[in-house]
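Everything on this sheet refers to the single structure shown next.
Quick note: the coordinates plus some simple rules give every number you see, no bench work behind them. Here the structure is a predicted model, which means the values were calculated and not measured. Here the Cβ positions follow ideal geometry from the backbone for every residue, glycine too, while neighbour counts run over all protein chains shown.
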Amino acid sequence: MLAGVGALILSGSYERAREAKVAGPDAPVNVGATESGNFDAHNSPTLARNPARPANLAASSRIDTPFFSCGLHVSSDGGKSWTKTQIPAPKGVEAKCFAPDVTFSADGTLYFSFVTLRGRGNVPGATWISTSDDGGRKLSKPVKVLGPLAFQVRLAADPADPDRLHMTWLQGKDVGRLQFAETGNPIQAKRSDDGGKSWSRPTTVSSTARERVVTPSPVVGPKGALYVLYVDLGDDTLDYAGGHGGRGGPPYAGTFSLVLARSSDQGRTWEESVVDTRLRAISRFIVFIPPFPSVAVDRDGRVYAAFHDMRLGDPDVFLWSRGADESSWEGPTRVNDTKRRDGTSQYLPQLSVARDRRLDVLYYDRRADRRKNVMNEVSLQSSFDAGATFGPSLRLSSRAFDSRIGYGAKEGLPDLGSRLGLLSDPRAALGVWSDTRSGTRATQKQDIAKGRVAFRSAAERSAAGERRLRYAGLGLGVAGLALLALWARARGVPSRSALRRLSLWRPRPSKRRQRPHSEAEGDHGDDGSEAGVQ
């Protein structure tokens, strides 16, 4: 029996190891990644899929150097190849595009938002939206949606309503160099019910009692509810008020709160839920472009929130979740499968949920650089039990790259961007990230790279599980029979009698139709001719 159990464990481990695998090499997304004279710093990607044509993907990117600009690349073959889309500039404003985002509506319309910067301080002047009905190959003339000082603008399309679109942002009042000049800058939201032609009046998402909020991350749930995850910086004036002067050094020593706001009436009213109040900063950051937490909702309405935190002494990725009808949060669950307190950083997680409820987490990972903790790789881990446990990490990046390359590197505060991009379906997960392998600390070049993980389908996993059970049952049966034979031999008991004693086999009545008893036939004897083992 021990042998059978061992066979079950080994076969299960083998099958689980085959659940997922990296599919093919990683590769650049942005045009110019391999050009020697191109030094664009692409980061903060958003990855979106066209629900009307799933092979049609779009990836936006923020470009910090050598000029503030935006990138948009589209694919018609599921991410195997990419082409660059020309972004039309609004008339009458400075041609400085920044902080782009992209999404597809339920009917396949692409929406691309961006901010134009103005003045020597490069503050947001206005927010614009362009659309595309050909999968992103050509964008429409930009339409102004927001006015000055709209930071951290994000889009979220309703998956059930092709005309409904949500926008969230942090509305600044007054700014100085690398700082908000005063507290109380709220997170706001507005929606369009006609495909972006008109918009509702803004509503305030964050509580007025929270003076320093940042990073609104929106997602629409299965019943049209809008969720916005954000960070409350508490008393952190080091980052919010630019106390670090844009230079590196120890992070803020206090704690942050992770907060989820939910609206079930299309953004008119909001209710707040505190996910965790014990977040500890992993580094300093520029408050205008901070790292974003990630939020996802599965088709049952379970909400997932993820962010990095160093409560255990070094940066780890943590996950929280809450059921559709639950009021309290489960977690945090430590996602990365590194040794605790190993001195390496895992950070900036991105979540995505497949239709079969598999939860994927993509993040930057420095586990291979325990000596210096500066060389990044990109890892993905998956959960098949609603985030309770995670499988082993898979490395998507084929080569480590330097985390010290990017905007702010000369001041000791390099920026790889505010987020990663991730799309999941039952058969695969596609991730994109900011990669510096082609750059140096002098050029600050960054590219958007992509990697893919292939998964077994639910049907294949179920079939594999059934095979494991059959093999394990066979192994248990063979092991049991072997032990029984050894016991019978040691006791001098005939094997057939031993089997009867243990009730492993039972005589069964004959399936033949019984004839009426007659005296001519006589009684059956005791030789077992009619009562033998069938």
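Picking from Thr116, Ile63, Ser75, whose Cα lies most toward the positive end of the charge dipole for the range 40-147 (charges on Cβ: Lys, Arg +1; Asp, Glu -1)?
Positive-most Cα among the choices belongs to Thr116.
Longer than 32 Å from Cα to Cα, which of Lys96/Lys450; Lys21/Lys197; Lys84/Lys339; Lys21/Lys339 are they? Say none if no pair is.
Numbers: Lys96/Lys450 26 Å; Lys21/Lys197 43 Å; Lys84/Lys339 41 Å; Lys21/Lys339 22 Å.
From Lys96/Lys450; Lys21/Lys197; Lys84/Lys339; Lys21/Lys339, over 32 Å: Lys21/Lys197; Lys84/Lys339.
Along the Cα-to-Cβ line of Lys410, 7 Å from the Cα, sits a label point; which residues in the range 237-261 have backbone N less than 14 Å from it?
247
Which FRET efficiency, nearest 0.05, do Thr333 and Asp133 yield, Cβ-Cβ r, R0 35 Å? Before the final figure, lay out each step's value.
Values: r = 41 Å, r/R0 = 1.18.
Working from the Cβ atoms, E equals 0.25.
Please report, to one decimal in angstroms, the Kirkwood hydrodynamic radius of the range 293-399 built from all distinct Cα-Cα pairs.
The answer is 14.0 Å.
Could you give the alpha-carbon Rg of the range 185-232 over 2.2 N^0.38 Å, rounded to two decimals?
Normalised Cα radius of gyration, the range 185-232: 1.26.
Most exposed first by the Cβ proxy, i.e. fewest other Cβ within 10 Å, how do Phe104, Phe390, Phe384 rank?
Values: Phe104 24, Phe390 21, Phe384 18.
In order of increasing Cβ crowding within 10 Å: Phe384, Phe390, Phe104.
How far apart, in nm, are the 7 Å Cα→Cβ label points at Ala95 and Thr440?
2.9 nm
For each of Phe68, Phe292, count neighbouring Cβ atoms within 10 Å of the residue's Cβ, then give the residues from fewest to most.
On the way: Phe68 19, Phe292 24.
Ordered from fewest to most neighbouring Cβ atoms within 10 Å, Phe68, Phe292 come out as Phe68, Phe292.
For the range 149-290, with only Lys/Arg (+1) and Asp/Glu (-1) charged at the beta-carbon, what is the dipole magnitude about the Cα centre, in debye rounded to 20? Walk me through the numbers before you get to the answer.
Details: 17 positive and 16 negative charges, 51 e Å.
My answer is approximately 240 debye.
Fully extended, how many nm does the chain gain between Thr208 and Arg370 (0.36 nm per residue separation, minus their Cα-Cα distance)?
This chain segment gains 54.1 nm when fully extended.
For the range 40-147, with only Lys/Arg (+1) and Asp/Glu (-1) charged at the beta-carbon, what is the dipole magnitude about the Cα centre, in debye rounded to 20?
Approximately 240 debye in magnitude.
Using label points projected 7 Å from each Cα along Cα→Cβ, tell me how many nm separate Glu182 and Ser398, to one decimal.
Those two pseudo-labels are separated by 5.5 nm.
In the P(r) worked out for the range 206-277, what percent of Cα pairs fall beyond 13 Å?
Details: 1736 of 2556 pairs.
The share of Cα pairs beyond 13 Å in the range 206-277 comes to 68 percent.
Given C-alpha coordinates of the range 241-334, what is the ratio Rg to Rh with the Kirkwood estimate of Rh?
1.02
How many nm is it between the label spots at Glu272 and Lys144, if each spot is 7 Å from the Cα in line with the beta carbon?
Once both label points are built, they end up 3.2 nm from each other.
Quick check: Cα centre of the range 52-96 to Cα centre of the range 297-312, how many Å?
Here the answer is 28 Å between Cα centres.
Mean 1/r over all different Cα pairs, inverted: what Kirkwood radius does the range 40-147 give, in Å?
13.9 Å
Largest first, please: the extent of the C-alpha atoms of the range 149-246 along each principal axis, to the nearest Å.
Ordered largest first, the range 149-246 gives principal extents of 44, 24, 23 Å.
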